[in-house]
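The values are calculated or read from the model by the stated rules, or taken from the named source; none is laboratory data. Model, not experiment: these values are computed from the prediction. We place every Cβ from the backbone using ideal geometry, glycine too, and count neighbours over all the protein chains shown.
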Amino acid sequence: DGGITQSPKYLFRKEGQNVTLSCEQNLNHDAMYWYRQDPGQGLRLIYYSQIVNDFQKGDIAEGYSVSREKKESFPLTVTSAQKNPTAFYLCASSTLGLAVLTDTQYFGPGTRLTVL
Amino acid sequence: AQKITQTQPGMFVQEKEAVTLDCTYDTSDPSYGLFWYKQPSSGEMIFLIYQGSYDQQNATEGRYSLNFQKARKSANLVISASQLGDSAMYFCAMRVSRGGGFKTIFGAGTRLFVKA
């Protein structure tokens, strides 16, 4: 079955630690995205990547970093510089990316990060 | 400013009845796309339906239809014959131009409760 997987489902971090969230897709999509969701709010874009070895900052990139070494994988690292990292993180992918109006994003199941 | 507004934080509907979830948007772009996503308690965002700004007919996908009123800048989601499994958060999103490409803006969501 094609889809997007994220791991772990729940993640706990101590203050000052970096953590990496995994996102893998087997949909053969070129574009991948990371969003953050806080209670009562919509999704906010952290980073996106349209092709391998290239990625761009979204609206709230500070304190986060990404890599895109393989088409299938787009891991997100939450660094100690992120002041309020407790949130729900969603990874998405799409066929054509941000150059196309009609491109539909498909999402993974999410990772809930809690800072202790 | 480009913005999506969902004014109903929560909605109740009786099973088997129809329900309308409101969404208004603000953009000066002549071309834009409108999406609806469902987020069950598991967290995954599920794509439901898409409407392009130049589409002449309202989009429909099974029990979902999008009531697109361009002059009013509204894109309400209509769910017919509600089922208990429709209980979830519903997000309206708009795709607009940004910096040579496009970006997707999400509303804050509406929580739908389906009563047996």
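General remarks:
- With respect to the conditions (1) in a strand (DSSP E or B); (2) within 14 Å of another protein chain (Cβ to nearest Cβ), residue B:30 falls short on a single one, namely (1).
- Residues that are under 27 Å from residue B:15 (Cα atoms) and either more than 15 Å from the chain's Cα centre (by Cα) or among the charged types (D, E, K, R) (or both) within segment B:88-116 comprise B:111, B:113, B:114, B:115, B:116, listed in sequence order.
- Among residues of segment A:27-46 that are farther than 24 Å from residue A:2 by Cα and without any contact (Cβ under 8 Å) to a residue 12 or more places away in the chain, those with a beta-carbon under 6 Å from a residue that is among the hydrophobic types (A, V, I, L, M, F, W, C) and part of a loop (DSSP other than H, G, I, E, B) at least six positions away or on a different chain give the pairs A:41/B:108; A:42/B:108.
- Number of positions in segment B:78-116 that are touching a strand residue (DSSP E or B) at 6+ places or on another chain (Cβ under 6 Å), within 14 Å of chain A (Cβ to nearest Cβ) and either aromatic (Phe, Trp, Tyr) or without any contact (Cβ under 8 Å) to a residue 60 or more places away in the chain (or both): 6
- Residue ID - modelled with the lowest pLDDT, chosen from residues in segment A:94-114 that are crowded, with 18+ Cβ neighbours inside 10 Å and more than 8 Å from chain B (Cβ to nearest Cβ): A:94
- Looking across segment B:73-88, the residues that are surrounded by fewer than 19 Cβ atoms within 10 Å (Cβ to Cβ) and among the hydrophobic types (A, V, I, L, M, F, W, C) come down to B:78, B:81, B:84.
- Wholly enclosed strands (runs of 3 or more DSSP E) of segment A:11-98 bearing at least 1 residues charged (D, E, K, R), closer than 21 Å to residue B:96 by Cα and out of contact with any His (no Cβ under 8 Å at 6 or more places or on another chain): A:31-37, A:43-51, A:54-57
- Qualifying residue in segment B:76-87 (condition: over 19 Å from residue B:14 (Cβ atoms), touching a Leu at 6+ places or on another chain (Cβ under 6 Å) and of a type outside the set (Val, Ile, Thr)): no
- For segment A:71-93, filtering for residues that are surrounded by 19 or more Cβ atoms within 10 Å (Cβ to Cβ) and at pLDDT below 90 leaves 1.
- Residues (under 15 Å from residue B:76 (Cβ atoms), of a type outside the set (Ser, Thr, Tyr) and either at the interface with another protein chain (Cβ under 8 Å from one of its Cβ atoms) or part of a loop (DSSP other than H, G, I, E, B) (or both)) located in segment B:33-54: B:35
- Test result for residue B:29, among the charged types (D, E, K, R) and closer than 25 Å to residue A:57 by Cβ: yes
- Verdict on residue A:58 being within 12 Å of another protein chain (Cβ to nearest Cβ) and in contact with a Cys (Cβ under 9 Å, 6 or more places away or on another chain): no
- Residues (of a type in the set (Phe, Trp, Tyr) and touching a Ser or Thr at 6+ places or on another chain (Cβ under 8 Å)) located in segment A:9-42: A:10, A:12, A:33
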